[in-house]
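The values are calculated or read from the model by the stated rules, or taken from the named source; none is laboratory data. This one's a predicted model, so the numbers in the text were calculated from it and none came from an experiment. Note that we place each Cβ from the backbone using ideal geometry, even for glycine, and neighbour counts take in every protein chain shown. For accessibility, only protein heavy atoms count, side chains too; no ligands or nucleic acids. Shrake-Rupley method; radii C 1.70, N 1.55, O 1.52, S 1.80 Å.
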Amino acid sequence: MDTVANAHAWLDHHDLLDPAPMHLETGIQRREDGTLLVAVRTDLHGCKGRMLDWWFTFFETTQHIRWWHPLDHVEHRGWDAAWQRGRSYHGASIHAVESLADIPPVAARLKFHDPRTLLTPGRLQTAQDAGDVSAVIAARIGFGDHVRLDAHGDPCDGQMLHVVRDTPFGCVLRSRFVLGLDSEDPQRDASDAIGLGLLKHCYTEFSFLSRLLPSLYYGERANEEAVPLPW
């Protein structure tokens, strides 16, 4: 794979720490530099931020990712050695194959980061203390068979954030993607069709996940937490 010195600097995503409505909760928007912003809001009934954070330390097979999205997720090609099952995914990279709704399957590569490296730690902690944020999942992303990586193994083309806020019914997930950061022609390589396909894919995969995650989380953790009983 081609490498460059460094991936594009993280954009300012601090507005996601504020639970107030945003101008773009769900939709796509072409940025001034031609790159594409994709925003998705998903309500996850019965789930909490800690469950989503744990999920990224759990799934490791094609079967697991098909639970996550039975149609779009095609193949899990593996985590690298930085991934620690049940413990940590920060600094780890994953390679998979997935469709984006009506867009045929394509390879995808992601490298996950500690959110404190891209969000001001003080602002993040304040939001967490206020109950406005319960989890943040951050990654650099790229699609295709020839994803360009920087010298640190970060895909250069895109950024992804999932910011979770717990609520009485479960949690609200706000997802944000920026595509085309490494493209000379973002409107071609990160087209509106790709953005809308990603939007639909993200909303659907987390809707599917919310139906199984609570039971999986409590069962796999062998009741290390108090389990809310339905009877």
Completion exercise
So, with points 7 Å from each Cα along the Cβ direction, the Asp102-Asp80 label distance in nm works out to 3.6
Fill in the blank from the handout: Contour minus Cα-Cα span, Asp12 to His45, at 0.36 nm per residue, comes to 9.0 nm
Practice task
Considering the convex hull of the alpha carbon atoms of the stretch 7-125, report its projected area averaged over all viewing directions, in nm², one decimal.
Solution key: 9.2
Exercise for the section: Show that you can apply the helix-only estimate: for the chain, add -39,500 (n - 2.57) for every DSSP H stretch of four or more residues, divide by all residues, and state [θ] at 222 nm to the nearest 500. Expected result: -8000 deg cm²/dmol
Practice task
Work out, step by step, the length gained on full extension between Ala130 and Thr167: first 0.36 nm times the residue separation, then minus their alpha carbon distance; give nm to one decimal.
Solution key: 12.1 nm
Exercise for the section: Using 0.36 nm per residue of separation minus the Cα-Cα distance, give me the extension gain between Leu212 and His23 in nm, one decimal. Expected result: 64.9 nm
Exercise for the section: Identify which of Arg123, Arg148, Arg174 has the largest mean-square fluctuation in a Gaussian network model of the chain, with springs joining Cα atoms closer than 10 Å. Expected result: Arg123
Practice task
Could you check how much of the accessible area of the stretch 1-76 is carbon and sulfur, as a whole percent, using a 1.4 Å probe?
Solution key: 51
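Which order do His162, His95 take when ranked by solvent-accessible area (1.4 Å probe, heavy atoms of all protein chains), largest first?
His95, His162
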Completion exercise
Carbon and sulfur atoms account, in whole percent of the 1.4 Å probe accessible area of the stretch 152-222, for 50
Problem - Residue of Asp182, Asp12, Asp166 that the Gaussian network model of the chain assigns the largest fluctuation, springs spanning Cα pairs under 10 Å - result: Asp12
Completion exercise
D (µm²/s, integer) via Stokes-Einstein for the chain, Kirkwood Rh across alpha-carbon pairs, 10 °C, 1.306 mPa s: value 88
Exercise for the section: Considering only DSSP beta bridges where both residues belong to the chain, give the percentage that are antiparallel (nearest 5). Expected result: 95
Handout entry: Probe 1.4 Å, protein heavy atoms only - accessible area per residue of the chain in square angstrom
Key = 49
Exercise for the section: Provide the net charge surrounding Arg174, with neighbours chosen by a C-beta distance below 9 Å and charges set as Lys +1, Arg +1, Asp -1, Glu -1. Expected result: +2
